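Here the structure comes first, spelled out in structure tokens, and everything after it is commentary.
The values are calculated or read from the model by the stated rules, or taken from the named source; none is laboratory data. Everything quoted here is computed from the prediction, not taken from an experiment. Here the Cβ positions follow ideal geometry from the backbone for every residue, glycine too, while neighbour counts run over all protein chains shown. Calculation scope for accessible area: heavy atoms of the full protein, side chains included, ligands and nucleic acids excluded. Shrake-Rupley method; radii C 1.70, N 1.55, O 1.52, S 1.80 Å.
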Amino acid sequence: MLKEALRDLSDVLFPPRCRSCRIVAEELTNDLFCGTCEEKIHYLRAPLCPACGIPFAAYEGTDHLCGDCLTSPQPFTVARSIAACEGILLEAIHAFKYHYKTGLGAGLGKMLTRASQAGMDMQGYSLIMPVPLHVRRLRERGFNQSLVLAKLLAARHAIPLDFINLRRERDTPPQTMLGRKERQANIKGAFSVADKEKVRKQRVLLIDDVYTTGSTLAECARVLLKSGAAQVGVLTLARALKEA
Ligand SMILES: [Zn+2]
Ligand SMILES: [Zn+2]
């Protein structure tokens, strides 16, 4: 009763507002966006590459491997993202990451739980691991955005969470300006597994906020597989799109 009364009071004092257009709205999707803004989010759907999850421009046909995955297969079994990394979603992720806004993490985490709709078989995983930040970055930012998302997903699907054993040993310069081969070289050796027993034979689901080039996630997957993981899947909230 008291809890409800408090919630009513807080709704009057701080009515729920859309995170994008700031309009007061009774219903916010994922506690984030009003109906009008929600419609601007580009949720990814088939046809897409079954390996790396890139959607194809034509909304017809069946899933098939993209050119990149045909020429150099990814170490992870599957990668899926909820939506395109653009517009209001990109703004929300930035606000969450760089100007930590209370509530945004919970909303974005909620959005990540649409994983099944994005074609992710959550039952197939025995362990959830967020992509780690280097300790220096972690100190700067105060939190790991991927861990916030991973925690919510793990709780929702009752899958164990391990945010200790995958470690970032080396802080690497931004990857965006580099070509594919350079990116791989840049990120090589950046991660390690502290206790290999903890990942041995596990079906690991790696979580990150954004899939940009995939090279960071691929390197994490390589290190986990080398440490004995049975398989590694990748789930990110957003995905940078290029023509496929
Ligand atoms: Zn809005
Ligand atoms: Zn692909």
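Potential lengthening of the chain between residue 8 and residue 106 amounts to 33.3 nm, from the contour at 0.36 nm per residue minus the alpha-carbon distance. For residue 3, the lysines whose Cα comes closer than 27 Å to its Cα, not counting residues fewer than 8 places off in the same chain, are 101, 110, 151. Placing +1 on the Cβ of every Lys and Arg and -1 on the Cβ of every Asp and Glu, with no other charges, gives the chain a dipole of roughly 960 debye about its Cα centre.
Which of the DSSP-defined H helices in the chain satisfy a minimum axial length of 30 Å, computed from C-alpha atoms, and a minimum mean Kyte-Doolittle hydropathy of 1.6?
Working: long enough: none.
Correct list, ordered by number: empty.
Protein heavy-atom accessible surface, 1.4 Å probe, per residue over the chain: 53 Å².
What a 1.4 Å probe finds exposed on the chain is 54% carbon and sulfur by accessible area, rounded to a whole percent. Distant-in-sequence amide contacts of residue 66, defined by a placed amide H-H separation under 5 Å and a gap of 5 or more residues or a different chain, comprise 51, 52.
Need one number: % antiparallel among DSSP beta bridges in region 41-239, to the nearest 5. Please report the intermediate quantities before stating the final value.
Values: 5 of 24 bridges.
Looking only at bridges with both residues in region 41-239, the antiparallel portion is about 20 percent.
The overall shape of region 41-239 is rounded: from the C-alpha gyration tensor, with semi-axes ordered a ≥ b ≥ c, the ratio a/c is less than 1.5. If R0 is taken as 35 Å, the Cβ-Cβ distance between residue 94 and residue 70 corresponds to a FRET efficiency of 0.55.
Here r is the Cβ-Cβ distance between residue 134 and residue 241 and R0 is 35 Å; the resulting FRET efficiency, rounded to 0.05, is 0.80. All other residues whose Cβ lies under 15 angstrom from that of residue 136 are scored, Lys and Arg at +1 and Asp and Glu at -1, for a net of +3. Restriction of the GluC sites (Glu not before Pro) in region 22-117 to DSSP coil positions whose beta-carbon has at most 12 other beta-carbons within 10 angstrom yields 26, 27, 39, 60. For region 85-242, the residue among 94, 214, 142 whose Cα projects farthest onto the positive side of the dipole built from Cβ charges is 214. At most 15 other Cβ atoms within 10 Å and a DSSP loop assignment: could you name the chymotrypsin sites (Phe, Trp or Tyr not before Pro) in region 128-205 that fit? Counting only loop positions with at most 15 other Cβ atoms within 10 Å, the chymotrypsin sites (Phe, Trp or Tyr not before Pro) in region 128-205 are 143.
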